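Beneath this line is the structure, given in structure tokens, with notes to follow.
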Amino acid sequence: MFALVLQSILGGCSVLLLPHLISGIRVNGFKAAWRLVIAIMVINTVLRLFFWWFIIPFKILTLGIGTILVNGVVLDLASDFVDGISVESFTSALYGGIGLSVIWSILDIFLS
């Protein structure tokens, strides 16, 4: 439980970095960033529960590049549900998904 809370807080901090890396993303404070992380976690959980039979072969067939596309779609979808987050285009969401994946992978290495 503690790891999940720590991961969500650090995820919120990493979302705060996105506007500095990608010009098409705007974040209005840590509270909005943290809500975005929670929304991404919920969407990822729902996607894995209901679409695992489609997502796994998709990732294998695209040699992992499909993961980048899925992360961009999830970021774009989650930003629609959270006030205080603005993603201007799908390209910005795609780059944001790549940025979050890289940042979260680095954080995962340090937390393990």
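The values are calculated or read from the model by the stated rules, or taken from the named source; none is laboratory data. Computed from a predicted model, the values in this text were never measured in an experiment. Every residue, glycine as well, gets a Cβ built from its backbone with ideal geometry; the counts of neighbours run over all protein chains shown.
Inside the stretch 56-112, can you point out the residues that are touching a strand residue (DSSP E or B) at 6+ places or on another chain (Cβ under 9 Å) and in a loop (DSSP other than H, G, I, E, B)? Hits for the stretch 56-112 are 84, 88.
Among the residues of the stretch 1-45 satisfying the criterion of being of a type in the set (S, T, N, Q) and not in a helix (DSSP H, G or I), which is surrounded by the fewest Cβ atoms within 10 Å (Cβ to Cβ)?
Filtering the stretch 1-45 for residues of a type in the set (S, T, N, Q) gives 7-8, 14, 23, 28, 44-45.
This time we only want the ones that are not in a helix (DSSP H, G or I), so: 23, 28.
Values: 23: 10, 28: 13.
Selected residue: 23.
Scanning the stretch 69-87 for residues that are of a type in the set (S, T, N, Q) and within 14 Å of residue 26 (Cβ to Cβ) yields 79, 86. Taken over the stretch 81-112, the criterion of being aromatic (Phe, Trp, Tyr) and without any contact (Cβ under 8 Å) to a residue 60 or more places away in the chain is satisfied by 81, 90, 110. Taking the stretch 41-73 as the range and being touching a Leu at 6+ places or on another chain (Cβ under 7 Å) and closer than 15 Å to residue 8 by Cβ as the test, only 43 passes.
Of the residues 111, 94, 21, the single one that is touching a helix residue (DSSP H, G or I) at 6+ places or on another chain (Cβ under 8 Å) and at pLDDT 90 or above is 94.
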